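> Pasting a structure here, questions to come.
Coordinate-derived values only; no laboratory data. Source: prediction; values computed, not measured. No Cβ is skipped: glycine too gets one built from the backbone with ideal geometry, and neighbour counts run over all protein chains shown.
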Amino acid sequence: MSLSKGLIQNIIQQKILLGDLSNDDLAKFCQQANSAYRQGHPIISDQDYDFIYLAELKKRLPQHELLQFIEPEGQGFSDEKVLLPEIMLSTEKAYSWGEIHKWIERLQKSCLEININSKSIQIKATPKLDGFAGYDDGSHLYTRGDGKKGSDITRVFDRGLQVFNESGRGQGAGEIVIKKSYFDQHLSDKFEYPRNFQASLIKEKPLDERARQAIAESAALFVPFAQLPKWLGSIEETIENFDKIINNISLAVDFDVDGVVFETTNQKLKKHMGANRKFHRWQIAFKENKDKAQVKVLGVTPQVGRTGKITPVAELEPTLLSGATIVRATGHHYGLVKEQGLGAGSVVELTRSGLVIPKIIKVLKSVETNIPSYCPSCKADLVWQSDFLMCVNHSECPAQIVARMEYFFKILANNDGFGIATIEKLYEHGIRKISKIYQLSEYDFTQMGFGDKTSANLLNQLKRSSSEEIEDWRFLAAFGIARMGMGNCENLLKFCSIKDIFELDMLQIANIDGFAVLSAELIVDGLKSVRDEFDLLSSYEFNLELTPLNRNNLDFSHPLVGKKIVFTGKMQGSRDDMKKHAKSIGIQVVSSVTGKTDYLIVGDNVGQKKIESAEKFNVEVIKERDYINMIG
């Protein structure tokens, strides 16, 4: 079942935020956005689809079919599919240098596996075009389809479409695109995105005058990938010149470019690395954002967080930035609002951090600010705490209560259905605590107005959240205690079991490495405030994986503290237990041998590949018995 047009519009206009979407609604939105994109009528920009919605889907549902298979073709193509002359897959995407670096490490590892010197490997970089992918075998042109079978659209050549650089037919994979300069001058007044126009070139319906003119002037073209300008160099040169490569290649063609494609040219390495169901492992596309805009602020709206912090949200004059229409951005805190003069009528410089989050860089034109004096949710008087404006009515403020309950399920991350919309509905029916939610029956949910199917699902998700194993530090972090994020919770539970944590005093916490006196005071107060709720929830016997204690009997003076190690081979004991123990005494356990690995710990029947990797990167190899002696 598809999402309604009204719900889709609310998502697009950011009236419903990403975090408020259920997994099911997020997946449906991605599928409908992808379908609209494939049909040439995008409802959101390609940037938003990749960086916001698809990225969130990958985080929540990494096994979803949209992430595992080639996206289905949009409507308007022939139902009769034919086998493509060559498999055409999608391209894996990277949004940071770290992801590119991991891809390079995979190349190097694969070279080692087939005895190729990675220094001899050549990398090719080409522009990533934002057009309609197709395959030209010289007599027919096919859409990419599902990567194996596509639709015959040879009609576009019959209509006069030319090949880029007048280079002739039959060059294999490529894309149908429109020149960017031509689109901006002749078509941007009618089409929001070039893709909207490109779709009209492909569909079976007759061409309109604009399409015929673009083809006649060789502005609309089929661009074989083999004809794209390219950069060639070694892995080392790719690393050294990465930023320069991205900049030069992105500007190398007069087409819409939404990234740079990197791939190895070595055929033996390509064959060895192969592909999964969606993309070739020997290829990756990098996307980035450098766009900025000067934007007028229409107003500043206060929003209440779970801790009572009041966050100013700047309502903006709708502005197209990096392919997305931005209508709001965070003002961080009211200290900055007051200091910089952020308010209705001010002008700000805006960017999209990582191509995702709208971010105000600075205020270019200041105005007189309007600082709220009472909480927009509970009407309690607000107080200043340093630069932050706070609502201290923690026990009765509706916005804080709802946010804390929603936060609990979000941090547990082992359930579905308890997003902000569900929590708000529960609040309307008198639910104020997490423990009360776990007392609800299927009948209770239906009485509150949830459908029969939804009620059954919510009850099942509650049972799932307590029965599926989760780390004890994650469970503790879900209570949202000040200074008790997941990292601090994990560190604390290394020194005290979760059942005894409420007995800790301020000095005991302050004496633990990484905790200061001020943090310790806040943590003690925070633990007291959630003690009753913690005890009630504990009665539901959550399936907690307990953090190994290292407070008294574990040695941190051994020479492997802080070192990166890899375990391989058959060990005398359980390898999983050895990994957990190693982590508990300050060792960093990693899965593969790289240049950053310190030691390879070997048992019996060790694979040759790990040993070869250790030799390549000069990693010291230690036998299991010697390792045990080293850690005492």
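> For a quick check: sort 313, 602 by the number of other beta carbons within 10 angstrom, fewest at the front. Kindly include the intermediate steps, with their values, before the conclusion.
Values: 313 14, 602 23.
Neighbour counts put them in this order, fewest first: 313, 602.
> Within region 181-214, report the trypsin sites (Lys or Arg not before Pro) that DSSP leaves as loop and that have at most 11 other Cβ atoms within 10 Å. Don't jump to the answer; show the numbers that get you there.
Values: sites: 190, 195, 203, 210, 212; in loops: 190, 203.
Listed in order of number, the matching sites are 190.
> Let me ask something else. Kyte-Doolittle cut-off 0.0, length cut-off 18 Å along the helix's own axis using Cα: show which whole DSSP H helices in the chain pass.
Numbers: long enough: 23-38 (22 Å, -1.06); 97-113 (24 Å, -0.79); 398-412 (22 Å, 0.65); 452-467 (23 Å, -1.06); 517-538 (29 Å, 0.55).
Taking the DSSP H segments of the chain (at least 18 Å long, mean hydropathy at least 0.0), we get 398-412, 517-538.
> Can you spot the lysines whose alpha carbon is less than 26 Å from residue 570's alpha carbon? Ignore those fewer than 8 places along the same chain.
In chain and number order, the partners are 109, 579, 580, 583, 596, 609, 610, 616, 623.
> Multiplying the sequence separation of residue 184 and residue 344 by 0.36 nm and subtracting their Cα-Cα distance, what value in nm do you get?
On the way: separation 160, 0.36 × 160 = 57.60 nm, distance 3.22 nm.
Contour length minus the Cα-Cα distance gives 54.4 nm.
> Net charge near residue 258, counting Lys/Arg +1 and Asp/Glu -1 over other residues with Cβ under 9 Å of its Cβ?
Numbers: positive: 128, 287; negative: 46, 50, 130, 256.
Taking every other residue near residue 258 into account, the sum is -2.
> Want the number for residue 421 to residue 244: 0.36 nm per residue separation, take away the alpha-carbon distance, what's left?
Working: separation 177, 0.36 × 177 = 63.72 nm, distance 4.57 nm.
Value of the extension gain: 59.2 nm.
> A follow-up question, please. Among the Cys residues of the chain, which have no other cysteine Cβ under 4.7 angstrom away?
Here 30, 111, 489, 496 come out as lacking a disulfide-compatible partner, given the Cβ-Cβ threshold of under 4.7 Å.
> Now, a different point. In nm, what is the difference between 0.36 nm times the number of residues separating residue 167 and residue 65 and their Cα-Cα distance?
Numbers: separation 102, 0.36 × 102 = 36.72 nm, distance 3.76 nm.
Going from the current span to full extension adds 33.0 nm.
> At R0 = 25 Å, how high is the FRET efficiency between residue 271 and residue 592 if r is their beta carbon distance? Nearest 0.05 is fine. Working shown, then result.
Values: r = 21 Å, r/R0 = 0.86.
Efficiency at R0 = 25 Å is approximately 0.70.
> While we're here: So for 282, 231, fewest C-beta neighbours within 10 Å to most, what's the order?
On the way: 282 23, 231 19.
The most exposed by this proxy come first: 231, 282.
> Okay, moving on. Can you match Rg/Rh (Cα atoms, Kirkwood Rh) to one of these, [x] 1.09; [y] 0.97; [z] 1.00, based on a calculation from the structure here?
It is the one labelled [z].
> Calculate for the chain the 222 nm mean residue ellipticity that helices alone would give, adding -39,500 (n - 2.57) per DSSP H run of length 4 or more and normalising by residue count, nearest 500 deg cm²/dmol. Provide the component values of the computation, followed by the final result.
Values: 24 runs with 218 residues, N = 632.
Helices in the chain give a 222 nm mean residue ellipticity of -10000 deg cm²/dmol.
> Where in region 470-498 is the amide nitrogen less than 11 Å from a point lying 7 Å along the Cα-to-Cβ axis of residue 543?
Those under the cut-off are 470.
> In region 583-610, whose amide N lies under 18 Å from the spot 7 Å out along Cα-to-Cβ of residue 558? List them in ranges.
Hits in region 583-610 for residue 558 at 18 Å: 583-591, 598-604.
> Another question, then. Please report the net charge: other residues with Cβ closer than 11 Å to the Cβ of residue 333, K and R +1, D and E -1.
Numbers: positive: 309, 338; negative: 339, 387.
Combined, the nearby Lys, Arg, Asp and Glu give 0.
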